[in-house]
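Okay, structure first, notes after.
What follows is calculated from the coordinates using simple rules that are stated; it is not laboratory data. Just so it is clear, the model here is predicted, and its values are computed rather than measured. When we count neighbours, we look across all protein chains shown, and the Cβ atoms used for this are built from the backbone with ideal geometry, even at glycine.
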Amino acid sequence: MSEDKNQIQTDEKIQANTRQDNAEYVGPQAKKITAANQWVMIGFRIFKRDAGAWVITALLWLVISIGLQLVPLLGFIAATLLFYVWQGGIMKGCQAVYEGKPFDVHYLFAAFKDNLKPLIQLSLLYAVISSLVMFAFLGDTYTEIVNGDEALSNPNLVVTQLLLGMCFALLLLTPLFMAVWFAPALIVFHNMPVLTAMKESFVGCFKNTLPFLLFGFWLVALYLIVMLSFGLAVFVAIPITFASSYAAYREIFLAEVDE
C-alpha cells in the first residue's frame, strides 16, 4: 500500500504545480513489477508538461554530441568525459518539473556548475571499463578483419565471432549498466562519491530486476517507434527515457515524509 501511495503522490505532483518535495533518501527499495508502468506514465507526463523545450533540448544535445565527434581526438575525449554530465543536468530538469517549475534548455548544462568533477569521473570510469571489456571480447576479431585473410575468406566465421563476442561482452557489461543507471541522479541530488553512487545504483537495479525487465520492454517498444518514424521520434523518446528513469529513481530510493 505504501508503494502505491508513493506512486500516486508522485503522479499527482507532476500534474499539479506543487513546489514542495517532502521525500527523503531511504536507500534502494524493491518495487512490484507493475511499478515500471508507472515510471513510464510519469515520464511521459514530465515530458508533456514542456514538450517543446524537451524536444529542443534533445536536438541541441544531439547536435553538440555530433559536433564534438567531428573534432579529431579532443572531440571524442570531450564527448566521452561529458556523457554523464549532460545526464546529471537532465535529472535536475526532471526534478524542477516535479517541483512545478518549467523545464528549459539550460538544464542540459545545469550539472556543469555543482557536480562536474564526479560526473566526469563517472563518465571516465564507465568508458574505461566498457572499452576494456569490448576489446577483450572483440579485439582479436577486429585484428583479423583488418590484418588477416581469414576475414575475407570466411566472412561467416567473422560475423559469428562478432555476434558471440558482442553477446558475451554485453552480458559481462550488464552489472556496469546497473551500476551507472541511477548514479548521475544519486551524485547530483545526494552528493554521493562516484563509487558509492554506483554501488547504490547497482543494488537498486538488482532489487528491481523484474520491474526493469518490464521497463526494458517499454523502452524497446518506444525505440521501435523511433525506427518506424525514420528517427524523428528520437526527440520524444530520449526525454521520456530520462524522465522515466527519474521517476524510477524517486520510487526506488526516496520515500515521502508526512508533514
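Quick one: if the Förster radius is 30 Å, what FRET efficiency do Leu210 and Val128 give, using the C-beta to C-beta distance and rounding to 0.05? Walk me through the intermediate numbers first.
Numbers: r = 31 Å, r/R0 = 1.03.
Step by step, r from the Cβ atoms, then E = 0.45.
Quick one: which of Lys117/Lys199; Lys48/Lys92; Lys101/Lys199; Lys113/Lys207; Lys117/Lys207 span more than 24 angstrom between C-alpha atoms?
Numbers: Lys117/Lys199 18 Å; Lys48/Lys92 17 Å; Lys101/Lys199 31 Å; Lys113/Lys207 32 Å; Lys117/Lys207 29 Å.
From the list (Lys117/Lys199; Lys48/Lys92; Lys101/Lys199; Lys113/Lys207; Lys117/Lys207), the Cα-Cα distance tops 24 Å for Lys101/Lys199; Lys113/Lys207; Lys117/Lys207.
If we sort 119-127, 239-247, 75-83, 47-55 on the protection proxy, mean other Cβ atoms within 10 Å, highest first, what's the order? List each step's numbers first, then the result.
Working: 119-127: 20.2, 239-247: 24.8, 75-83: 16.4, 47-55: 18.3.
Result, highest mean Cβ count within 10 Å first: 239-247, 119-127, 47-55, 75-83.
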Distance between modelled label sites at Lys113 and Gln29, nm, 7 Å Cα→Cβ extension | 3.0 nm
